[in-house]
1. Residues of segment 1-36 being open to solvent by 40 Å² or more (accessible area, probe 1.4 Å) and of a type in the set (Gly, Ala, Ser), which ones?
2. Which residue is nearest to residue 20 (Cα to Cα), if the candidates are limited to segment 39-75 and must be out of contact with any strand residue (DSSP E or B) (no Cβ under 9 Å at 6 or more places or on another chain) and aliphatic (A, V, I, L, M)?
3. Mind counting the residues in segment 28-86 that are in contact with a Lys or Arg (Cβ under 9 Å, 6 or more places away or on another chain) and closer than 18 Å to residue 4 by Cα?
4. Is segment 37-59 home to any residue that is open to solvent by 80 Å² or more (accessible area, probe 1.4 Å), hydrophobic (A, V, I, L, M, F, W, C) and in contact with an Asp or Glu (Cβ under 9 Å, 6 or more places away or on another chain)?
5. Within segment 32-49, can you find the residues that are within 17 Å of residue 75 (Cα to Cα) and either in contact (Cβ under 8 Å) with a residue 12 or more places away in the chain or of a type in the set (Asp, Glu) (or both)?
Amino acid sequence: MDADPDFERLAPTPLNTICFRAQPAGSCADDLDALNRAVLEEVNASGEVFLSSTRLKDHLALRVTIGHIRTEERHVSRAWELIRAALRRALAVPTAII
């Protein structure tokens with residue numbers, strides 16, 4: 001995640017919970033909460049992975065916890081794949097003009 005330019009980790013990860021958000025280049029800071037909420041909702045709707053959220057430093061943060069004894073690298077890779085795909089789709093949706 002740290003190597004992906006479209007995401008940033010928002011807190012240290014001393015244990016198994018990662019707090020992060022999508023922050024693609026050129027994105028407007030005012031729209032990041034809505035963008036991350038869209039990612040959260042799409043990933044959770046898949047039924048394959050469950051993300052939770054919180055607020056850190058006044059930003060909506062997505063949280064994933066990797067802790068089941070039978071979790072394998074392929075599971076983590078699939079979760080990351082779903083998160084990245086949800087971001088791509090969220091960026092493709094035009095925002096409404098108010």
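1. Residues satisfying the conditions are 3, 25, 26, 27, 29, 34.
2. Looking at the filtered set, the residue picked out is 45.
3. The initial filter retains those residues of segment 28-86 that are in contact with a Lys or Arg (Cβ under 9 Å, 6 or more places away or on another chain), namely 32-33, 35-36, 38-39, 42, 48-49, 51-54, 56, 59-62.
Right, trim to closer than 18 Å to residue 4 by Cα and you get 32, 35-36, 39, 61-62.
Going through segment 28-86 one residue at a time, the tally reaches 6.
4. Here is the first cut: in segment 37-59, the residues open to solvent by 80 Å² or more (accessible area, probe 1.4 Å) are 37, 41, 45, 48, 50, 55, 57-58.
Then drop every residue that is not hydrophobic (A, V, I, L, M, F, W, C), which leaves 45, 50.
Right, trim to in contact with an Asp or Glu (Cβ under 9 Å, 6 or more places away or on another chain) and you get none.
Scanning segment 37-59, I find no residue that is open to solvent by 80 Å² or more (accessible area, probe 1.4 Å), hydrophobic (A, V, I, L, M, F, W, C) and in contact with an Asp or Glu (Cβ under 9 Å, 6 or more places away or on another chain), so the answer is no.
5. 43, 46, 48, 49, listed by residue number.
The values are calculated or read from the model by the stated rules, or taken from the named source; none is laboratory data. Remember, predicted model here, so these are calculated numbers, not experimental data. Every residue, glycine as well, gets a Cβ built from its backbone with ideal geometry; the counts of neighbours run over all protein chains shown. Side chains included, ligands, DNA and RNA excluded: accessible areas come from the protein's heavy atoms. Shrake-Rupley method; radii C 1.70, N 1.55, O 1.52, S 1.80 Å.
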